[in-house]
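To start, I am sharing the structure in question, which I have written as structure tokens.
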């Protein structure tokens, strides 16, 4: 493939992706990451309740093992999960998308 053909293909792919994202935003269709973010928030908040320390540890081990199976570093996975849990314990909330709460002008 020539450099010109590759550049054209990349430019076309970027334009398609931009249009696709705009369409999904207009339809207010959540992305996979949006769903995962809400699911993570729900799971962490439920396991942080008093008396659920064992569930939190079990959930954390499962996440680490799953990430390691995908090729991620075990220690780095533990650190990332611990950081996220600490943020939630400190009152952190996932970041919402304020533009979705705006009312339509029509």
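Please treat every number below as a calculation from the coordinates, not as lab data. Small disclaimer: the values here were computed from a predicted structure and weren't measured. Glycine gets a Cβ as well: all are built from the backbone with ideal geometry, and neighbour counts include every protein chain shown.
By per-residue mean of other Cβ atoms within 10 Å, what is the highest-first order of 24-34, 56-66?
Ranking, from highest mean packing down: 56-66, 24-34.
When only C-alpha pairs under 8 Å and at least 6 residues apart count, what is the relative contact order of the chain, in percent?
23 percent
Taking the Cα atoms only, what angle lies between the long axis of helix 53-69 and the longest principal axis of the chain, rounded to 10 degrees?
So the inclination is approximately 40 degrees.
Next up: May I have the convex hull volume per residue, in Å³, for the Cα set of the chain?
So the per-residue Cα hull volume is 161 Å³.
Also, quick follow-up: Nearest 10 degrees is fine. How inclined is helix 32-47 to the longest principal axis of the chain, computing both from alpha carbons?
10 degrees
Okay, next question. Please give the helix 3-27 orientation as an angle from the longest Cα principal axis of the chain, in degrees from 0 to 90, rounded to the nearest 10.
In the chain, helix 3-27 runs at an angle near 60 degrees to the longest axis.
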